[in-house]
Structures are given as structure tokens and as C-alpha cells.
Amino acid sequence: MENEVKQTALDSYDKIINLLENIFKSWKETFQKEFDIRVGLNCFDVLLQFSMLQIALNDGQLQSEELEFIRDISKYCNICDYFNQRGYQNVEWQNILNTDESTLKEILNGLQEDIIDISMDFVNIFSYADAAISKYNFFDSLKNNIFNILIAVASADNNADKSEFNWCIIFATLNEIAKRKQAYIDAFNNPSNPNGENTNKKSLKDFYVKKK
């Protein structure tokens with residue numbers, strides 16, 4: 001990976017964290033006094049790293065350079081801790097690197113519903129706060145900085161492939177934020193729809209959670 005691409009991604013991560021700290025602080029002060037800002041940042045790190053692993057695996061190969069970048073970018077929580085919390089045993093970064101790609105994809109697929117739950121909590125907070133604070137467009141900043149990070153992880157092995165950008169959960173998360181934000185804006189302008197709901201559109205879970 002070129003140093004410039006890596007540094008742009010690292011700077012983007014810091015910008016996102018600064019943005020989220022402000023969003024979460026506002027949420028805590030205004031809507032949910034018991035909300036734990038640190039937990040919110042932990043959850044974002046898990047969502048981001050999970051998505052980065054999906055990007056790195058989309059081409060069928062997980063390289064050590066990609067994994068090192070995923071490991072180093074997050075400051076609050078890492079995916080190894082999350083795997084261990086979800087019942088896996090003594091997961092470390094080297095274990096992930098030594099796991100064959102098909103097995104690792106199975107593990108990620110098995111955890112996907114839990115990650116979507118994390119994503120939906122994030123969507124609910126971010127979209128409402130962004131719609132309510134009309135002075136700034138937080139979503140554009142979040143989206144652009146996330147794209148910088150995903151481009152960097154795909155480029156970490158110096159062999160970025162367009163297949164790596166086929167899909168990851170954070171793409172769906174961004175789409176859901178955009179949809180919810182607009183619904184909330186519409187609701188603020190139309191008090192007859194106070195919840196900002198658009199019943200003609202499906203949620204993230206409708207598309208990506210396997211029905212039992």
C-alpha cells in the first residue's frame with residue numbers, strides 16, 4: 001500500500017471518531033442519558049473491522065498486509081475481542097491469518113445477524129442526529145471517510161481488485177442511514193409522520209437477515 005493511501009485512511013479514521021464522539025455526546029445529553037459513548041465507539045470499531053474483513057475476503061484471499069492494516073486502524077475494540085466475546089476460543093490476529101478463507105467466511109456469515117444488530121443501533125442514532133442537526137451534513141463526511149478506509153484495505157496488498165468492493169455490511173449501513181435520515185427530515189417537515197417512517201421501503205434486516 002502506498003504511504004499516502006494509508007495515511008489518508010488513518011486520518012479518515014480519526015475524523016470519523018471525532019465525528020462520532022460529537023454525535024454520541026449529543027445523543028447522550030439529549031435523548032439517552034444512560035448511553036455509553038465508549039460502548040458506541042467499540043461497536044463502530046467492530047462494525048468497521050468486520051466490513052474490512054469482508055472486503056479483504058471478497059477476492060478469495062486474505063493477505064497479511066490487509067490483516068495488519070485492519071488490526072492497526074481501530075483504537076477502541078478489535079474483531080478478535082469480539083470473536084472471543086461471541087464464544088470463540090483465544091482468537092488472535094495470527095489465528096485469523098492462519099484460518100483458511102472459506103472457514104473464515106463461514107464464521108463471518110454466522111456472526112452477520114449480530115453485526116447487523118450493531119449496525120442498526122448505529123443507523124438509528126446517526127440518522128436521527130444528522131437529520132436533527134441540519135447545520136452540518138455528517139453523513140457525507142462519514143461516507144467519504146469510510147470509503148477512504150475501504151480503498152486502503154483493498155489496496156493493502158498492492159493488488160486491489162474490483163471484486164473486493166462487491167459488498168460489505170458497512171455499505172448497507174450507509175445506504176440505510178441515507179434512507180432513514182431523509183425519512184426523519186421529511187417527518188420534521190411533516191409532523192403527521194412523527195416517526196419519519198417510509199412504509200414503502202424495507203429495512204436492512206429485511207434484505208440481509210435470513211428468516212428463520
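Cβ-to-Cβ counts within 10 Å put Met52, Met120 in ascending order as Met120, Met52, the fewest first. Placing +1 on each Lys and Arg Cβ and -1 on each Asp and Glu Cβ, with no other charges, gives the chain a dipole about its Cα centre of roughly 1000 debye. Fraction of C-alpha pairs exceeding 26 angstrom in the stretch 3-208: 35 percent, rounded to a whole number.
GNM on the chain, alpha-carbon springs under 10 angstrom: the most fluctuating residue among Glu34, Glu92, Glu65 is Glu34. If one takes the longest principal axis of the Cα atoms in the chain, at what angle in degrees, from 0 to 90 and to the nearest 10, does the Cα axis of helix 3-30 lie? Approximately 40 degrees, to the nearest 10. Each of Ile37, Ile55 was scored by other Cβ atoms within 10 Å of its Cβ. Listed from fewest to most, they are Ile37, Ile55.
GNM on the chain, alpha-carbon springs under 10 angstrom: the most fluctuating residue among Gly110, Gly60, Gly40 is Gly110.
Across the chain, C-alpha contacts under 8 Å between residues 6 or more apart give a mean separation that, scaled by the residue count, equals a relative contact order of 30 percent. Helix 138-155 axis versus longest C-alpha principal axis of the chain: approximately 10°, rounded to the nearest ten. For the stretch 1-120, taking the reciprocal of the average inverse distance between every pair of different Cα atoms yields a Kirkwood hydrodynamic radius of 15.5 Å.
Projecting the Cα positions of Phe147, Asn158, Gly110 onto the charge dipole of the stretch 54-169 (unit charges on Cβ atoms of Lys, Arg, Asp and Glu, taken about the Cα centre) puts Phe147 furthest along the positive direction. With 0.36 nm allotted per residue and the present C-alpha distance subtracted, the Asn144-Asn124 stretch has 5.3 nm of extension available. If you take the alpha carbon atoms of the stretch 1-46 and fit the smallest convex hull around them, that volume is 55 Å³ per residue.
From least to most packed, judged by other beta carbons within 10 angstrom and beginning with the fewest, Cys168, Cys43 follow the order Cys43, Cys168. Placing unit charges on the Cβ atoms of the charged side chains and taking the dipole of the chain about its Cα centre, the candidate lying farthest along the positive direction among Ala187, Ile96, Phe31 is Ala187. The helix-based estimate of mean residue ellipticity at 222 nm for the chain, built from -39,500 (n - 2.57) per DSSP H run of four or more residues and divided by its residue count, is -23500 deg cm²/dmol to the nearest 500. Nearest 10 degrees is fine. How inclined is helix 37-57 to the longest principal axis of the chain, computing both from alpha carbons? The helix 37-57 is inclined about 50 degrees to the chain.
A short reminder: the numbers here are calculations on the coordinates, not readings from a lab. Given the structure is predicted, the values throughout are model-derived calculations rather than measurements. Please note: Cβ atoms are built from the backbone with ideal geometry, for glycine as well, and neighbour counts cover all protein chains shown.
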